[in-house]
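This report concerns only the one structure given below.
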Amino acid sequence: MNMKMGNKIFISHSSKDLHIARALATDFINDGFSVFLDDWSIDLGENIISRISEEIEESHALIMLISDDYLRSAYCKDEWTSFYMRYSKTNKNSIYPILIHDAEPPALLSAIKYARIKEMENYQEVYLQLIKAIKKHSEELSKGTMEK
């Protein structure tokens with residue numbers, strides 16, 4: 001599936017969960033998606049905060065890898081709340097919470113259906129759920145753009 005430029009997935013994660021973020025990014029790229037993963041997408045010498053802010057503006061899907069470390073991170077909180085506020089005024093909000101181990105979602109997102117990864121045992125099942133949901137959302141965005 002070829003995604004249009006600007007139809008990008010932003011993966012928000014704690015540095016302690018980088019292995020899961022890299023696996024997701026690799027799989028999405030292999031399936032033809034455009035992905036922002038800070039570890040790969042920010043060059044040496046770039047302003048990290050500016051780049052993340054730009055990518056949040058350009059991204060139409062946010063995957064949150066929610067672990068206890070994620071919930072303690074001010075940077076992670078800034079990423080997901082910025083994305084949430086940007087899209088909360090539209091119908092284009094597409095946040096996909098993935099809970100790591102026993103973590104729970106922030107209260108503001110508790111009404112959004114989530115998946116849970118434990119020790120990567122069910123990674124493939126979660127990935128298939130994600131790709132199905134993101135493809136469906138992308139198709140809805142494309143139809144909305146075409147109707148205008």
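Readers should treat all values here as calculations from the given coordinates under stated rules, not as data from a laboratory. Predicted model only: the values in this text are computed from it and were never measured. Quick reminder, even Gly has a Cβ in these numbers, built from the backbone with ideal geometry, and neighbours come from all protein chains shown.
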State which entries of Lys16/Lys77; Lys77/Lys135; Lys16/Lys135; Lys16/Lys136; Lys16/Lys113; Lys16/Lys118 exceed 18 angstrom in Cα-Cα distance in the structure shown. Lys77/Lys135; Lys16/Lys135; Lys16/Lys136; Lys16/Lys113
Per the helix-only model, the chain has a calculated mean residue ellipticity at 222 nm (DSSP H runs of ≥4, -39500 (n - 2.57) each, divided over all residues, rounded to the nearest 500) of -15000 deg cm²/dmol
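Multiplying the sequence separation of Lys118 and Ser41 by 0.36 nm and subtracting their Cα-Cα distance, what value in nm do you get?
Numbers: separation 77, 0.36 × 77 = 27.72 nm, distance 2.66 nm.
Residue separation times 0.36 nm, minus the Cα-Cα distance, leaves 25.1 nm.
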Treating only the Cβ of Lys, Arg, Asp and Glu as charged (+1, +1, -1, -1), what charge dipole size does the chain show about its Cα centre? Round to the nearest 20 debye. 620 debye
The range 6-99: Rg to Rh, with Rh as the Kirkwood radius over Cα pairs: 0.93
